[in-house]
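This report concerns only the one structure given below.
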Amino acid sequence: MFDQAFFLRTLSEFARALRAGYDLEPVLAELTASATAVLGLSGSGVTWADNGRLRFISAVGSRFEEMERVQEQHQTGPCQKAYDIDDVVTSPDVREVPDQWPEYAAAARRLGVAGVAGIPMRLGDRPVGVLNLYDDKPRDWSFDDLAVAGVLADVATGYVMNAAALRQEQQTTQQLQHALDSRVVIEQAKGIIANHHGITVDEAYQRIRRHARNHNANLRVVAEAIVRLGLRA
């Protein structure tokens, strides 16, 4: 039976993290640590889809990182299947199914891993990753096990998606600001050149462009040289 009080505290901590900064790897590491503690597991990990292939992100314990790496390398195993079919996949003892996942089962026997479960991490109606649960002993995965893991996976997916959206928003804002800054300095340069040579701003712009082209220079760099360094094209 999982610790309900600890589970609620874990959810509260994730809720606070969502209102703070977005640093993905530490939060996904916290997800695996929390899932391991709440469910009394031997370890857990997270794999994330990258162009249709699962890529290892984080794991509790070097043995389970190695299990994740084997799955990433061969793109086969219960967690890969959970991603492929977009449904929970459990194995009470993955060592007993060598015909289904030979490389994965061999790694489990070598590393002393028995029970494995893969919980899809979904965005809308499609899987984007998998929360992977590990136990050193054979385990009949209960409804409570899978329900708790599903909630943690959903919270983590929401975090990852919010982080990605925030990064995209920040990147777009930076691009827009860069474009605006470029336009401002170019307009300033046009005015300076027009006044210096007694020409129109359109003629000044063509003069600046010609200078940039002749010197294989960026238009903004030339404009900044005019405004800040006194260049007169």
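Points worth noting:
- Computed helical MRE - 222 nm, the chain, DSSP H runs ≥ 4 contributing -39500 (n - 2.57), nearest 500: -20500 deg cm²/dmol
- Loop-located trypsin sites (Lys or Arg not before Pro) across region 172-233 with a Cβ neighbour count of 14 or fewer within 10 Å are ARG232, with loop assigned by DSSP.
- Segment ALA37-ARG55, extension gain: residue separation times 0.36 nm, minus the distance between their alpha carbons: 4.1 nm
- Within the chain, the ratio Rg/Rh, alpha carbon atoms throughout and Rh by Kirkwood, equals 1.31.
- Efficiency of FRET between LEU229 and LEU180 - r from beta-carbon atoms, R0 30 angstrom, step 0.05: 0.90
- Selected from ALA149, ALA117, ALA217 as most flexible by GNM, with the chain as the system and alpha-carbon contacts under 10 Å: ALA217
- GNM result for the chain, Cα springs below 10 Å: residue of VAL46, VAL130, VAL221 fluctuating most strongly: VAL221
- Counted residue by residue at 0.36 nm each, then reduced by the alpha carbon distance between them, the extension gain from ASN216 to THR76 reaches 45.2 nm.
- Pairs of Cα atoms nearer than 8 Å and 6+ residues apart set the relative contact order; for the chain it is 15 percent.
- Extension gain, ALA106-GLU13: 0.36 nm per intervening residue step, less the Cα-Cα distance, totals 29.8 nm.
- Projecting the Cα positions of LEU219, ILE192, ALA179 onto the charge dipole of region 170-229 (unit charges on Cβ atoms of Lys, Arg, Asp and Glu, taken about the Cα centre) puts LEU219 furthest along the positive direction.
- Helix runs (DSSP H) in the chain reaching 20 Å along axis by Cα, Kyte-Doolittle at least -1.0: 4-18, 24-39, 143-197
Any read-out appearing in this document is the output of simple, stated calculations on the displayed coordinates, not a laboratory observation. Values in this document were obtained by computation on a predicted structure and should not be read as measured data. Cβ atoms come from the backbone with ideal geometry, glycine included; neighbour counts cover every protein chain shown.
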